[in-house]
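Peer 1: Before I ask anything, let me first share the structure, which is written out below as structure tokens.
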Amino acid sequence: MKLDEALALPEGPERTTAIAAWIQSLFVGGTQVPILVGGAAVEIFSKGAYTTGDLDFVGSVPNSIGAILESNGFERAGRHWIHREGQVFVEFPGSSLGPDERPVRYSAFGHHVVLVSIEDLLVDRLGAWEYWKSGVDGANAFVLVRRCRDEINLRRLKARAKQAGFEAALSSLLAFDKEWSLSEPDDEILEQWANRGPQEVDR
């Protein structure tokens, strides 16, 4: 799919996936493919339960790739690339994943994209929820668990959360998920739970 075709799609996970796949397709011939992380990865994994206008990649942009981005309407502003007409904001906040993080190749909406693993994405959300008191990230973690239950390696998730020091956040998340195992909390209940932050859970 060409960039103009991707930009013409309605806002949502299919458009985000198509744009990410187009950007990653530029990295050929041995050039390291950047890995999609952050909110855009949440959007793709959750099939649009969470949406964002930003795409964050871990990787670097060689001059040859930068020239292609510019020829397709992107403007560079430091580590950001902005397509004003398409309202697309791309950032390359880091050059590589952490030593314990893994990339995965993921298929969605007819495209193949490289994302950070869902376990690592969850741990990142849990960290922001516990450390930065970000209710949005707590809610996103819950949405990911609900939408991607069959894709999550729970053993690895628990090991990564323990390693990162966010076991309390994971325990609180899993307890809330269990509490609502037979139904879905409405937006207000989810927001209230997430904004309270991780709660102590009897083990």
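The values are calculated or read from the model by the stated rules, or taken from the named source; none is laboratory data. As the structure is a prediction and not an experimental result, all values here were calculated from the model. Methodologically, a virtual Cβ is constructed for each residue, glycine included, from the backbone with ideal geometry; neighbour enumeration extends over all protein chains shown. With ligands, DNA and RNA removed, areas are computed over all heavy atoms of the protein, side chains included. Shrake-Rupley method; radii C 1.70, N 1.55, O 1.52, S 1.80 Å.
Peer 1: Would you point out which residue out of PHE166, PHE142, PHE92 is of a type in the set (Phe, Trp, Tyr) and in contact with a Pro (Cβ under 7 Å, 6 or more places away or on another chain)?
Peer 2: On inspection, the qualifying residue turns out to be PHE92.
Peer 1: Oh, and also: Please list, ordered by residue number, the strands (runs of 3 or more DSSP E) wholly in the stretch 7-125 having 1 or more residues that are closer than 30 Å to LEU170 by Cβ, among the small types (Gly, Ala, Ser) and open to solvent by less than 30 Å² (accessible area, probe 1.4 Å).
Peer 2: Correct list: 88-94, 103-108.
Peer 1: Do we have ASP202 as at pLDDT below 95 and either of a type outside the set (Lys, Arg) or closer than 22 Å to PRO103 by Cβ (or both) here?
Peer 2: Answer is yes for this residue.
Peer 1: Right, next: Under 30 Å from ASP187 (Cβ atoms) and in contact (Cβ under 8 Å) with a residue 24 or more places away in the chain: is that true of PHE27 in this structure?
Peer 2: Considered against the rule, which asks whether it is under 30 Å from ASP187 (Cβ atoms) and in contact (Cβ under 8 Å) with a residue 24 or more places away in the chain, PHE27 comes out as no.
Peer 1: Let me ask something else. Restricting to the stretch 55-110, name every residue that is within 23 Å of VAL123 (Cα to Cα) and among the basic types (Lys, Arg).
Peer 2: Listed by number, the residues that qualify are ARG102, ARG105.
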